[in-house]
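See below for the structure under consideration.
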Ligand SMILES: Cc1cc2nc3c(=O)[nH]c(=O)nc-3n(C[C@H](O)[C@H](O)[C@H](O)COP(=O)(O)OP(=O)(O)OC[C@H]3O[C@@H](n4cnc5c(N)ncnc54)[C@H](O)[C@@H]3O)c2cc1C
């Protein structure tokens with residue numbers, strides 16, 4: 001069994017930032033990543049809102065910069081999926097590539113992924129008209145017509161965000177009432193360029209190389225209507241990658257890990273950072289900030305053991 005002081009699970013922005021802080025702080029740390037460094041950010045072609053990175057680098061460039069920065073502090077990165085994670089106050093154990101590990105502290109940075117619409121054509125248009133992040137990709141649709149699907153806070157606030165950028169915004173929701181906060185709903189109803197398409201679902205996605213429209217179907221009348229749009233934003237929920245820890249750790253009603261302001265979970269020595277935790281904003285800047293706090297507190301925790 002290999003022993004490690006701090007094990008970071010996940011090499012997205014949160015994990016890499018935690019790795020930079022822990023390695024720079026002189027900790028005995030290892031980061032485990034099942035795919036490639038950078039996490040979700042490599043899925044976008046432009047990141048315009050990470051402070052200090054002007055010119056809108058593509059996601060790969062930002063991921064590569066984070067990876068290079070971690071390498072400057074000689075952070076050991078092991079490529080392999082973590083499995084069999086057992087979290088207890090005294091001992092945290094797991095395996096990677098058939099190797100067994102034991103850690104004094106663990107930082108959970110496994111991230112999240114958007115809930116998909118479930119349309120069979122959906123994957124074909126991701127990055128070619130379909131986006132799961134209006135804050136990230138809305139600016140690419142400036143002056144264009146777009147649609148957004150969903151009925152919660154994210155969908156309604158994204159519709160308002162897009163209404164300031166786009167010519168026309170269709171807000172498609174499968175019910176006639178929104179789950180979102182009443183103030184948001186009032187504002188969206190008053191927005192001149194937002195049209196509510198209620199009791200409706202997306203039936204088909206239209207386009208060859210890029211999305212050029214969607215067909216929506218009214219669930220009562222079964223009537224279909226084509227909306228000619230350049231972009232479709234899907235805001236039907238986000239799924240945390242909590243499969244390693246579900247049943248062992250406190251999660252909120254959405255399945256996100258509950259932490260305090262130190263990124264500490266309900267199990268001593270187990271921290272969580274980034275999109276996987278119950279945070280009000282899921283972006284690179286907040287993931288990195290969480291990672292920095294989690295690593296600083298994990299280094300303190302290990303030092304006190
Ligand atoms: C299309 C798109 C565009 C975006 N654009 C922007 C933008 O412009 N600006 C912005 O600030 N944010 C943007 N975001 C959001 C941003 O990418 C996330 O907030 C950020 O990546 C979260 O970082 P994270 O490290 O918490 O999680 P993630 O990026 O999800 O990284 C988690 C990592 O953990 C790994 N992992 C999971 N399970 C295991 C396991 N069992 N073992 C080992 N590794 C594991 C995954 O492979 C992944 O690499 C965008 C997101 C998407 C999807």
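The values are calculated or read from the model by the stated rules, or taken from the named source; none is laboratory data. Computed from a prediction, not measured in an experiment: that's the story for all the values here. When we count neighbours, we look across all protein chains shown, and the Cβ atoms used for this are built from the backbone with ideal geometry, even at glycine.
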Across segment 116-168, what is the number of residues that are touching a strand residue (DSSP E or B) at 6+ places or on another chain (Cβ under 6 Å), more than 12 Å from residue 230 (Cα to Cα) and surrounded by fewer than 16 Cβ atoms within 10 Å (Cβ to Cβ)?
1
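A quick yes/no check of all residues on (1) touching a helix residue (DSSP H, G or I) at 6+ places or on another chain (Cβ under 7 Å); (2) more than 11 Å from the ligand (Cβ to nearest atom); (3) outside the structural domain of residue 296 (by TED's automatic domain parsing); (4) assigned to a helix (DSSP H, G or I):
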position	(1), (2), (3), (4)
18	yes, no, no, yes
26	no, yes, no, no
63	yes, no, no, yes
69	yes, yes, no, yes
78	no, no, no, no
83	no, no, no, no
89	no, yes, no, no
94	no, no, no, no
Boolean, residue 84 is buried (at least 16 other Cβ atoms within 10 Å of the Cβ) and over 26 Å from residue 284 (Cβ atoms):
no
Residue count for segment 257-280, restricted to those that are within 14 Å of the ligand (Cβ to nearest atom) and surrounded by fewer than 18 Cβ atoms within 10 Å (Cβ to Cβ)
2
Only residues that are part of a helix (DSSP H, G or I), within 14 Å of the chain's Cα centre (by Cα) and more than 6 Å from the ligand (Cβ to nearest atom): list them for segment 281-290, please.
286, 288, 290
Quick check: anything in segment 246-256 at pLDDT 95 or above and crowded, with 24+ Cβ neighbours inside 10 Å?
no
Among the helices (runs of 4 or more DSSP H) confined wholly to segment 121-171, which include 3 or more residues that are without any contact (Cβ under 8 Å) to a residue 40 or more places away in the chain?
153-163
Condition set touching a residue at least 60 places away in the same chain (Cβ under 8 Å) and in contact with a helix residue (DSSP H, G or I) (Cβ under 7 Å, 6 or more places away or on another chain), scope segment 32-44, selection nearest to residue 291 (Cα to Cα): answer is 39
Give the residue that is modelled with the lowest pLDDT, with candidates limited to residues of segment 32-47 that are assigned to a loop (DSSP other than H, G, I, E, B), within 6 Å of the ligand (Cβ to nearest atom) and farther than 29 Å from residue 99 by Cα.
44
One residue from 74, 122 being more than 18 Å from residue 20 (Cβ to Cβ) and more than 9 Å from the ligand (Cβ to nearest atom):
122
